[in-house]
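For reference, the structure is listed below as structure tokens.
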Amino acid sequence: MTRKSRTLGEFIIENQSDFPYANGELSRLINSIRLAAKVVSHKVNKAGLVDITGAAGEVNIQGENQQKLDVFANETFINSLVNREIVCGIASEENDSFITIKGQNKDHKNKYILLMDPLDGSSNIDVNASVGTVFSIYRRVTPVGTPVTMEDFLQPGNLQVAAGYIVYGTSTILVYSTGNGVNGFTLNPALGTYYLSHPDIKIPEDGTIYSVNEGHYRRFPQGIKNYIKYCQEEKGNRPYTSRYIGSLANDMHRNLLKGGIYMYPSSSKAPKGKLRLLYECNPIAFIVEQAGGKAIDGYQRILDIKPTELHERIPFVCGSSNMVDKVEEFMKEADEN
Ligand code: P6P
């Protein structure tokens with residue numbers, strides 16, 4: 001059997017031992033995510049035909065109009081997880097607070113928590129551009145058998161036991177890591193099966209793609225402005241290519257495979273930037289570091305940051321290690337001048 005033909009199910013079983021203290025729950029957790037992703041993928045690919053594009057009339061905690069697919073994706077992942085006796089709590093970009101899951105016997109015996117952005121880049125839905133899902137998994141820190149608390153969710157990203165994303169593009173690809181490297185699986189929609197298409201992903205330490213919303217350029221810190229000008233200089237392998245598609249998961253998937261950097265910096269209007277630490281930055285940072293890249297807030301490692309709020313924002317610079325180092329250099333130099 002060639003390596004490429006391995007299914008996600010076979011891969012999970014073969015790598016079960018990577019997780020010594022999990023007795024199958026983590027595998028079941030990944031399995032529930034892959035099922036939910038299949039359902040969301042089907043809806044995303046039909047969105048134009050079925051009346052599920054456009055706003056759902058609600059506004060989420062971010063103050064963003066909830067798109068119908070946002071709501072659908074959120075409910076699909078939650079239902080897939082709740083019915084499988086694996087998690088004791090879920091936090092989502094679409095929910096003001098976390099959801100407590102008592103379990104079948106109402107005894108709070110489940111060990112894991114999940115945080116997610118169920119539909120990343122949802123503003124792309126109505127224009128048929130790619131969207132994604134980003135998820136982060138921890139073991140609970142409060143005693144098993146008691147209701148999950150905020151403490152279980154406010155863990156630093158370096159304690160994640162698994163993280164991943166799904167990109168709903170020309171193909172649906174699930175990329176995840178349990179701390180032993182990064183692997184990508186492409187869905188065959190005809191069979192409903194994911195196949196190992198991107199084994200052992202490593203991000204090139206250098207790249208020539210930078211991803212940032214340059215419309216905010218004038219509001220960026222001087223160090224970021226200087227780095228963007230550096231990317232645009234005629235020198236060596238520069239100017240770099242600018243690519244930004246309005247979905248962190250999709251921009252990072254491209255940069256992970258080809259090499260590159262993604263930035264959502266702080267700005268004069270948004271001092272903490274826009275991205276959420278817990279369910280956007282931490283999981284992507286976990287994946288990128290597992291693939292040999294780096295992720296900082298401009299100064300410090302994202303995964304070392306101790307969260308204080310469920311929906312807190314953080315400036316985000318992530319991608320090829322040499323490119324992230326260069327941004328850090330520009331930030332330090334600008335602050336010293
Ligand atoms: P802007 C999507 O809303 C998101 O959280 C990321 O996926 C994406 O990279 C960014 O925000 C886009 O934000 O301000 O450039 O439209």
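The values are calculated or read from the model by the stated rules, or taken from the named source; none is laboratory data. Everything numeric here is computed off the predicted structure, so don't read it as measured data. As a convention, Cβ positions derive from the backbone with ideal geometry for all residues, glycine included, and neighbour counts pool all protein chains shown.
For the reader, a short list of remarks on this structure follows.
- Looking across 309, 214, one residue alone is out of contact with any Ser or Thr (no Cβ under 8 Å at 6 or more places or on another chain) and charged (D, E, K, R). It is 309.
- Qualifying residue in the stretch 321-336 (condition: under 19 Å from the mean Cα position of the chain (by Cα), closer than 21 Å to residue 154 by Cα and of a type in the set (A, V, I, L, M)): no
- Of residues in the stretch 271-281 being more than 9 Å from the ligand (Cβ to nearest atom) and aliphatic (A, V, I, L, M), the one farthest from residue 77 (Cα to Cα): 277
- Number of the exception - residue 268 against (1) closer than 24 Å to residue 117 by Cα; (2) touching a residue at least 24 places away in the same chain (Cβ under 8 Å); (3) assigned to a loop (DSSP other than H, G, I, E, B); (4) more than 10 Å from the ligand (Cβ to nearest atom): (1)
- Against the list (1) away from the ligand (no atom under 16 Å from the Cβ); (2) crowded, with 23+ Cβ neighbours inside 10 Å; (3) not in a strand (DSSP E or B), the condition residue 107 fails is (2).
- All of (1) surrounded by fewer than 22 Cβ atoms within 10 Å (Cβ to Cβ); (2) free of Cβ contacts under 8 Å to residues at least 60 places away in the same chain hold for residue 138 with one exception: (1).
- Reported count of residues in the stretch 243-261, each being of a type in the set (A, V, I, L, M), closer than 18 Å to residue 228 by Cα and more than 9 Å from the ligand (Cβ to nearest atom), is 1.
- Any hit, the stretch 114-126, residues being away from the ligand (no atom under 16 Å from the Cβ), out of contact with any helix residue (DSSP H, G or I) (no Cβ under 7 Å at 6 or more places or on another chain) and not in a helix (DSSP H, G or I): no
- The set of residues in the stretch 127-146 that are in a loop (DSSP other than H, G, I, E, B) and β-branched (Val, Ile, Thr) comprises 141, 142, 144, 146.
- Subset tally (residues that are among the β-branched types (Val, Ile, Thr) and in contact with a Phe, Trp or Tyr (Cβ under 8 Å, 6 or more places away or on another chain)) for the stretch 298-337: 3
- Some residue of the stretch 143-158 being within 16 Å of the ligand (Cβ to nearest atom), at pLDDT 95 or above, out of contact with any Phe, Trp or Tyr (no Cβ under 6 Å at 6 or more places or on another chain) and β-branched (Val, Ile, Thr): no
- One residue from 69, 35 being more than 16 Å from the ligand (Cβ to nearest atom) and closer than 17 Å to residue 168 by Cβ: 35
- Restricting the stretch 181-228 to residues that are hydroxyl-bearing (Ser, Thr, Tyr) and crowded, with 22+ Cβ neighbours inside 10 Å, the residue that is nearest to the ligand (Cβ to nearest atom): 211
- Of all residues in the stretch 133-171 being farther than 21 Å from residue 104 by Cα and of a type in the set (Val, Ile, Thr), the one that is nearest to the chain's Cα centre (by Cα): 134
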